[in-house]
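Report on the structure given below.
The values are calculated or read from the model by the stated rules, or taken from the named source; none is laboratory data. The model shown is predicted, which means the values in this text are computed figures rather than measured ones. Cβ: placed from backbone, ideal geometry, glycine included. Neighbour counts: every protein chain shown. Remember, those area values only see protein heavy atoms, side chains included, never the ligands or the DNA or RNA. Shrake-Rupley method; radii C 1.70, N 1.55, O 1.52, S 1.80 Å.
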Amino acid sequence: MIRDVIDGFLGFFSAYKDLKKYGLWKFVWISGGLCLFIGLLFFMVISQYYDDIGGSISGFYKWEKGKSIVVKIMNIISGALLSIGVILIFKYIILILVSPIMSLVSERVEQYDKNIAIKSGSFNLTALLRGLKLSLGNICRELGLTLLLLLLSLIPVVAIITGPAIFMVQAYFAGFGNMDYTMERYYDIRQSRAFVKSNKGIAIGNGIGYVLLLMIPIVGLFFAPTLATISSTKQILKRQQRIT
């Protein structure tokens, strides 16, 4: 599994080289522009409402002494919680909205990889609906696991590993979403879950690269979806060849 995680992560470096080789730069700009627009909307939400939420919570503090400190603390806490929630939702909104675009990227990579005549794809509403259905299921699973790990973090000894474990959970489900742009052509959702489960190392490695890229302001929003899709597509095709 460790080897798969490494392969899934290192696939981003070869994916960057494939951008020009496969003529996929236009998808970087299209998906990146969409992600940037969504990111700006989410930033506006956080900056607009985090202090209102903190003020409402601090309203339960009825004493004047120390009230300003309580308000500041509540603003910081509410801002952090709102940011975590927004980041979680933001990740899935990207996966859903760029799914028709990334499906085209995945298909183009497969056509090049198998030396199939390149066909001009079109907007795929089915990919968008499947992405929505898959993401809703993954959100519930990821939230459940994250909340469980947060509860376990209350135990002093266990708290050491819960932070990395939460990151791994996020990476797994992000990688899952990226892999599905290819799997949708071969499997239904139940079969896709089984495929990812048997190749969880690839999903985690791909998700690690994807999440780390998203943390880079602006640049990450442009490159993360396309590079993750190219990398995951090539990894899936390799594993399908081994099976056959």
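Structure data summary
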{"read-out": "The range 27-47: number of residues that are surrounded by 13 or more Cβ atoms within 10 Å (Cβ to Cβ) and of a type outside the set (A, V, I, L, M)", "value": "7"}
{"read-out": "Some residue of the range 148-158 being out of contact with any helix residue (DSSP H, G or I) (no Cβ under 9 Å at 6 or more places or on another chain), among the β-branched types (Val, Ile, Thr) and open to solvent by 10 Å² or more (accessible area, probe 1.4 Å)", "value": "yes"}
{"read-out": "Conditions (1) more than 24 Å from residue 232 (Cα to Cα); (2) at pLDDT 85 or above; (3) among the polar types (S, T, N, Q); number of the one not met by residue 47", "value": "(2)"}
{"read-out": "Every residue from the range 3-48 that is part of a helix (DSSP H, G or I) and of a type in the set (Ser, Thr, Tyr)", "value": "14, 16, 31, 47"}
{"read-out": "Residue in the range 119-127 that is at pLDDT 70 or above and in contact with a Leu (Cβ under 8 Å, 6 or more places away or on another chain) present", "value": "no"}
{"read-out": "Residue among 183, 179, 168 that is touching a residue at least 24 places away in the same chain (Cβ under 8 Å), more than 13 Å from the chain's Cα centre (by Cα) and either surrounded by 19 or more Cβ atoms within 10 Å (Cβ to Cβ) or farther than 16 Å from residue 96 by Cβ (or both)", "value": "183"}
{"read-out": "Filtered residues of the range 191-235 (kept if of a type in the set (Val, Ile, Thr) and buried (at least 24 other Cβ atoms within 10 Å of the Cβ))", "value": "202, 204, 226, 229, 230, 233"}
{"read-out": "Pairs with Cβ under 7 Å, 6+ apart, first in the range 1-29 and more than 16 Å from residue 209 (Cα to Cα), second surrounded by fewer than 13 Cβ atoms within 10 Å (Cβ to Cβ) and at pLDDT 90 or above", "value": "19/25"}
